[in-house]
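One structure below.
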């Protein structure tokens, strides 16, 4: 009985960790991704630890599980808060349609409009793009290879 | 004794909120992302003690669906990023009613 419960907890925790990972890949902006990464991660890890505590049994195992969960609860929100604040100040783009009560409260760096990091766009512009020259270029078309190159360099 | 009970209530509220919002995040991740309405909200704080603010900000961050981003220099407004807030005022009221009122019982 204990084994079945422990196995269930382990599988559930692993499933939540998997969903958190999918969230990091799927969600559209840095702040949304953080929701999935940091906190569903805590729940997933907590459930897996509880499963491990059940499987091993004994006060020794539970003490360790309790301490690990305690440290997770204390440290994760701080790193998440620091990352979120840094992302905001660094100018990480917000998903269009987000309300922004922080506008004007915190200084915010600007990133070029298509969301690529400036340094990547510069890097792409320095590279030759021969395929584009063969095509009839629409007005403003020359600016495109740089931006698409910059985009491909950033995880989307 | 009364204080211990209040702390237990904080813990229970926290675990319930954690469960509810984990489900919300799972749905947000697996559902269509276009329908999400994220927002950065300004939550006015009624907590006055620093320890209470830290506890509240950490609990807000730990419950998936909300992340505290910044606190105003005078410590009266907490800026929170919300995963999905179709109704902003309701989201703020909800945070204040569940988490903040419990925290105020232990750390005013």
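Per the conditions (1) within 11 Å of chain A (Cβ to nearest Cβ); (2) at pLDDT 80 or above, the sole criterion not satisfied by residue B:64 is (2). For the range A:33-46, check the following and say yes or no: at least one residue is part of a helix (DSSP H, G or I) and in contact (Cβ under 8 Å) with a residue 60 or more places away in the chain. Within the range A:33-46 (the criterion being part of a helix (DSSP H, G or I) and in contact (Cβ under 8 Å) with a residue 60 or more places away in the chain), the answer is no, since none of the residues qualifies.
Taking the criterion of being in contact (Cβ under 8 Å) with a residue 24 or more places away in the chain, facing chain A (nearest Cβ under 7 Å) and outside any loop (DSSP other than H, G, I, E, B), the residues of the range B:27-56 that qualify are B:39, B:40, B:41, B:42.
For the subset of the range B:67-87 comprising residues that are under 17 Å from residue B:28 (Cβ atoms) and surrounded by fewer than 22 Cβ atoms within 10 Å (Cβ to Cβ), which member is nearest to the other protein chains (Cβ to nearest Cβ)? Residue satisfying both the conditions and the ranking: B:84.
The values are calculated or read from the model by the stated rules, or taken from the named source; none is laboratory data. Worth saying up front: this structure is predicted, and the values here are computed from it rather than measured. Here Cβ is always computed from backbone atoms with ideal geometry, including for glycine, and neighbour counts include all displayed protein chains.
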